[in-house]
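The values are calculated or read from the model by the stated rules, or taken from the named source; none is laboratory data. Given the structure is predicted, the values throughout are model-derived calculations rather than measurements. In this analysis, Cβ positions are derived from the backbone assuming ideal geometry, glycine residues included, and neighbour counts consider all displayed protein chains. Note: accessible area is taken over every heavy atom of the protein model, side chains too, but ligands, DNA and RNA are not part of it. Shrake-Rupley method; radii C 1.70, N 1.55, O 1.52, S 1.80 Å.
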Amino acid sequence: AVLKSATKAMLASVPPDLHPPGISVYPSVANPVTLYQPRDNGHVAIGITARDSFWCQYAFQYSHELCHALVGHTHPELRKRLAQNQSRNDWLEEAICETASLFALRAMENSW
């Protein structure tokens, strides 16, 4: 329910043609991550490290990584550069995705 609510909050402000075809979430051991290579089914793979009942951490990490997916998976050339780690503006994307997490938490607060 938490991730569905975060998805709804995030995608409500994004044009439908920019939505990822699907999202697969898996537990990540090292750190939250968005894989820039889509899965065989075209889904974006998002790994999160949140565990147990830390619901706000699930929502924050997932929203942050979903923001990366929305930024990097909407344009094939950008996706290729990001996969090769050739982006000099990583700091800007990180700042935007941190802000997107706060946006999602606020939207979730209003809808719960």
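Keeping the other protein chains in place, figure out the carbon and sulfur percent of the accessible area of the chain, with a 1.4 Å probe. Before the final figure, lay out the partial values.
On the way: 3970 of 6960 Å².
C and S atoms contribute 57 percent here.
Whenever you get a sec, line up Thr99, Thr34 from highest to lowest accessible area (probe 1.4 Å, protein heavy atoms). Working shown, then result.
On the way: Thr99 85, Thr34 10 Å².
Highest to lowest solvent-accessible surface, that is Thr99, Thr34.
Based on Cα positions only, what radius of gyration and what Dmax would you give for the stretch 1-62, in angstroms?
When restricted to Cα atoms, the stretch 1-62 yields Rg and Dmax of 12.0, 34 Å.
How high is the FRET efficiency from Asp17 to Trp55, r the C-beta distance, R0 25 Å, rounded to 0.05?
After rounding, the FRET efficiency stands at 0.25.
What is the extension gain from Arg81 to Arg39, computed as 0.36 nm multiplied by their sequence separation minus the C-alpha to C-alpha distance, in nm to one decimal?
Working: separation 42, 0.36 × 42 = 15.12 nm, distance 1.78 nm.
Fully extending the segment from Arg81 to Arg39 adds 13.3 nm.
With no solvent and one equal point scatterer placed on each C-alpha of the chain, evaluate the Debye formula and give log10 I(q)/I(0) for q = 0.11, 0.15, 0.22 Å⁻¹, two decimals.
-0.32, -0.61, -1.33
With every protein chain kept in place and ligands, DNA and RNA left out, what is the accessible area per residue of the chain? Probe 1.4 Å, answer in Å². Walk me through the intermediate numbers first.
Values: 6960 Å² over 112 residues.
Per residue, the chain has 62 Å² of solvent-accessible surface.
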